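Novice: Here it is, the structure in full.
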Amino acid sequence: MESTAPEQVTSNVPEFTVSELSFALKREIETAFPRVRVRGEISQPSFPRSGHCYFRLKDENAVIDGVCWKGTIPRLGIRIEEGLEVIATGRLTTYAGSSRYQIIVDRLELAGEGALLKLLEDRRKKLAAEGLFDASAKRALPFLPEVVGVVTSPSGAVIRDILHRISDRFPRHVLVWPVAVQGEKAAGEVAKAIAGFNRLPEGGPVPRPDVLIVARGGGSLEDLWAFNEEIVVRAAAASTIPLISAVGHETDTTLIDFASDRRAPTPTAAAEMAVPVRADLVAQTLDFGKRAISCMNRVLREATLAVTGLARGLGDPLRLIEERQQRLDVSGERLALATRGLVERRAHALAAARLVSPVAVLVAKQQALSAEARVLEGVMKRYVSDTRQKMERGADRIEQYADRLRRSATETLERGHRQVEQLGKLLESYSFHSVLQRGFALVRDQDGHPVLTAAGTRAGDTLSIEFADGKIGARVADSAGPAPRPATPPRRRDGGSGNQGSLL
């Protein structure tokens, strides 16, 4: 019987390798979904050493893997965290190594106002903990700035309102730094504008502003999000120029409001805060001038009245001068007569006086000095003699006191020595060892206490008996019980009682 080979079944289905099929699926998916927006909740984010980020987007029914490359993460503006609801924008692709599809994310947006508010609150707490919102760091606005710097969009109604309000109140030099106030580039441009104004040097070709206004019109939370970015808040807090934030309407609140030195409810109100009203200043200045003139007139009137009152108490100056001239003439005549009389009296006195020879005066003074010298010499001799005698008597007394002190010390030592010897003998006589030398013994119980009577022992007690030459141990064989009262011994001829007494 012949064996027949099985027939080979042919098929028109093309044959693929695993790699060819994977790449074919990859091209198909990337072609069909070149760019998609997916809304979901971030789950299981991981950040390996490569710097890339891998996570999963999920909703209540499905899960899709997501990848964000290392170079894209800094541009997201959102930190990828567990449980964050986002809208991811990117392209779909497949990963052949594990046969799965995934989305390559190049942009992330927070989904819903609740997520934005949570992110906003977390960022506010973080920056507040760093001290960026401290009230002590707030700077006072200048009263009348020379230059006002404005950071806003050059094409919106905000800049027109600010310029119009400043022109109406008090025209000042306004510098506008044009920036985008909405979108991805807005935060970076606003931060650079604030830092750029602060870098302007004093007295440079471009005047440095005295106050800054960061302004934008109203909008939704997403529209105003650029002013909640950390880079803008830090730039506002680091500004050395006083800064006014005027973002949105009065009910809108952004993080730059907390870091600025003053918050304005509207851009128009920011212009009003920046400069005062010129008409009010002029009116106030005129009022101050009128008040100063009125005060000066009142002072002059009071001074005039005071001078007039003082003038009434003064006499006629001409008459006063004439009286003084008359007194001067009379005094001059009296002075001439008095001078002539004085000269005549001095001449008579000089003629009557007897002049003494200078030589006689010198001799008399010399004799008086010689007498004083002799007296002084005698006094010095007596003083030296008395002093020498006192010193000799003092030396004799000191020597006597020294002899008495030596004798007293010797006697005190000898007396103390005798007392010590007597006390030693007395102590030796009181010691019970001398009694033991006479044949007595000292009995102690097992606790070391002296046993004074036989009634103080019991059968089986261990005793220690001390003799003059040592100690021995003993055990009580039979208790003696209470000791009988001894009979009164006969009196001794020497008058003693006959009792030996206690050893202790």
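Novice: Taking ASN12 and the conditions (1) in a strand (DSSP E or B); (2) not assigned by TED's automatic domain parsing to the domain that holds TYR95, which numbered condition does it fall short on, given that it satisfies the others?
Specialist: Against the list (1) in a strand (DSSP E or B); (2) not assigned by TED's automatic domain parsing to the domain that holds TYR95, ASN12 comes up short only on (1).
Novice: Let me ask you something else. Limited to segment 132-164, what total is found for residues that are within 15 Å of THR240 (Cα to Cα) and touching a Ser or Thr at 6+ places or on another chain (Cβ under 7 Å)?
Specialist: Residues that pass the stated criteria total 0.
Novice: Which strands (runs of 3 or more DSSP E) does segment 113-230 wholly contain that include 3 or more residues that are within 36 Å of the chain's Cα centre (by Cα) and not hydroxyl-bearing (Ser, Thr, Tyr)?
Specialist: Details: elements: 147-152, 173-178, 211-216.
Ranges flagged: 211-216.
Novice: Another one. Going by the structure shown, is GLN400 at pLDDT 80 or above and either surrounded by fewer than 10 Cβ atoms within 10 Å (Cβ to Cβ) or in a helix (DSSP H, G or I) (or both)? Let's see the steps before the verdict.
Specialist: Details: at pLDDT 80 or above: yes; either surrounded by fewer than 10 Cβ atoms within 10 Å (Cβ to Cβ) or in a helix (DSSP H, G or I) (or both): yes.
It is true that GLN400 is at pLDDT 80 or above and either surrounded by fewer than 10 Cβ atoms within 10 Å (Cβ to Cβ) or in a helix (DSSP H, G or I) (or both).
Novice: Could you grab the pairs with beta carbons closer than 9 Å, sequence gap of 6+ or different chains, first residue in segment 412-435 and under 30 Å from PHE467 (Cβ atoms), second one hydroxyl-bearing (Ser, Thr, Tyr)?
Specialist: Pairs that qualify, where the first residue is under 30 Å from PHE467 (Cβ atoms) and the partner is hydroxyl-bearing (Ser, Thr, Tyr), are GLU428/SER434.
Novice: So, one more: For segment 164-177, enumerate the residues that are surrounded by 14 or more Cβ atoms within 10 Å (Cβ to Cβ) and without any contact (Cβ under 8 Å) to a residue 40 or more places away in the chain.
Specialist: Once the filter is applied, which keeps residues that are surrounded by 14 or more Cβ atoms within 10 Å (Cβ to Cβ) and without any contact (Cβ under 8 Å) to a residue 40 or more places away in the chain, segment 164-177 yields ASP168, VAL174, LEU175, VAL176, TRP177.
Novice: For segment 201-220, give me each residue that is buried (at least 16 other Cβ atoms within 10 Å of the Cβ) and either at pLDDT below 90 or under 17 Å from ASP257 (Cα atoms) (or both).
Specialist: Step one: filter segment 201-220 for residues buried (at least 16 other Cβ atoms within 10 Å of the Cβ), giving 208-217.
Once the filter is applied, which keeps residues that are buried (at least 16 other Cβ atoms within 10 Å of the Cβ) and either at pLDDT below 90 or under 17 Å from ASP257 (Cα atoms) (or both), segment 201-220 yields VAL211, LEU212, ILE213, VAL214, ALA215, ARG216, GLY217.
Novice: Here's another thing I want to ask about it. With respect to the numbered conditions (1) more than 30 Å from ALA477 (Cβ to Cβ); (2) modelled with pLDDT under 85; (3) surrounded by 10 or more Cβ atoms within 10 Å (Cβ to Cβ), which one is the sole condition not fulfilled by ALA455?
Specialist: Failed condition: (1).
Novice: Kindly list the number of the only condition in (1) of a type in the set (S, T, N, Q); (2) surrounded by 10 or more Cβ atoms within 10 Å (Cβ to Cβ); (3) over 17 Å from GLN182 (Cα atoms) that fails for ASN228.
Specialist: Going through the list (1) of a type in the set (S, T, N, Q); (2) surrounded by 10 or more Cβ atoms within 10 Å (Cβ to Cβ); (3) over 17 Å from GLN182 (Cα atoms), ASN228 breaks only (3).
Novice: Taking the stated definitions as given, is PRO154 in contact with a Pro (Cβ under 7 Å, 6 or more places away or on another chain) and over 19 Å from MET273 (Cβ atoms)?
Specialist: On the way: in contact with a Pro (Cβ under 7 Å, 6 or more places away or on another chain): yes; over 19 Å from MET273 (Cβ atoms): yes.
Yes.
Novice: Determine, yes or no, whether ILE241 is out of contact with any Lys or Arg (no Cβ under 7 Å at 6 or more places or on another chain), among the β-branched types (Val, Ile, Thr) and either modelled with pLDDT under 90 or in a helix (DSSP H, G or I) (or both).
Specialist: Values: out of contact with any Lys or Arg (no Cβ under 7 Å at 6 or more places or on another chain): yes; among the β-branched types (Val, Ile, Thr): yes; either modelled with pLDDT under 90 or in a helix (DSSP H, G or I) (or both): no.
When the stated conditions are applied, ILE241 does not pass them.
Novice: Just one of the numbered conditions (1) part of a strand (DSSP E or B); (2) farther than 25 Å from ILE194 by Cα is not true of LYS70; which one?
Specialist: Exception for LYS70: condition (1).
Novice: Suppose the filter is farther than 30 Å from GLY131 by Cβ and surrounded by 14 or more Cβ atoms within 10 Å (Cβ to Cβ); does ARG160 pass it?
Specialist: On the way: farther than 30 Å from GLY131 by Cβ: yes; surrounded by 14 or more Cβ atoms within 10 Å (Cβ to Cβ): no.
For ARG160, the condition - farther than 30 Å from GLY131 by Cβ and surrounded by 14 or more Cβ atoms within 10 Å (Cβ to Cβ) - is not met.
Novice: Moving on. Applying the selection to segment 54-75, what residues are under 23 Å from ILE231 (Cα atoms) and either touching a Leu at 6+ places or on another chain (Cβ under 6 Å) or at pLDDT 85 or above (or both)? First the steps, then the outcome.
Specialist: Step one: list which residues in segment 54-75 are under 23 Å from ILE231 (Cα atoms), which gives 68-75.
Within segment 54-75, CYS68, TRP69, LYS70, GLY71, THR72, ILE73 qualify.
Novice: Oh, and also: How do the pairs read when you match residues in segment 194-214 that are closer than 14 Å to PRO142 by Cβ and of a type in the set (Lys, Arg) with residues anywhere that are modelled with pLDDT of 90 or more and not in a loop (DSSP other than H, G, I, E, B), using Cβ under 8 Å and keeping only pairs 6 or more apart or on different chains?
Specialist: ARG208/VAL147; ARG208/PHE197
Novice: Something else now. Quick test for you: out of THR268, THR251, pick the one residue that is out of contact with any Asp or Glu (no Cβ under 9 Å at 6 or more places or on another chain), assigned by TED's automatic domain parsing to the domain that holds SER153 and among the hydroxyl-bearing types (Ser, Thr, Tyr). Write out each step before concluding.
Specialist: Numbers: THR268 fails: out of contact with any Asp or Glu (no Cβ under 9 Å at 6 or more places or on another chain).
Only one candidate qualifies: THR251.
Novice: For the condition crowded, with 17+ Cβ neighbours inside 10 Å and either among the hydroxyl-bearing types (Ser, Thr, Tyr) or in contact (Cβ under 8 Å) with a residue 12 or more places away in the chain (or both), what is the one hit in ALA180, ALA238, ALA259?
Specialist: Numbers: ALA180 fails: crowded, with 17+ Cβ neighbours inside 10 Å; ALA238 fails: crowded, with 17+ Cβ neighbours inside 10 Å.
Just one listed residue meets the conditions, ALA259.
Novice: Name, by its number, the condition in (1) surrounded by 12 or more Cβ atoms within 10 Å (Cβ to Cβ); (2) part of a loop (DSSP other than H, G, I, E, B); (3) without any contact (Cβ under 8 Å) to a residue 24 or more places away in the chain that does not hold for ILE78.
Specialist: ILE78 satisfies every listed condition except (3).
The values are calculated or read from the model by the stated rules, or taken from the named source; none is laboratory data. Remember, predicted model here, so these are calculated numbers, not experimental data. Note that we place each Cβ from the backbone using ideal geometry, even for glycine, and neighbour counts take in every protein chain shown.
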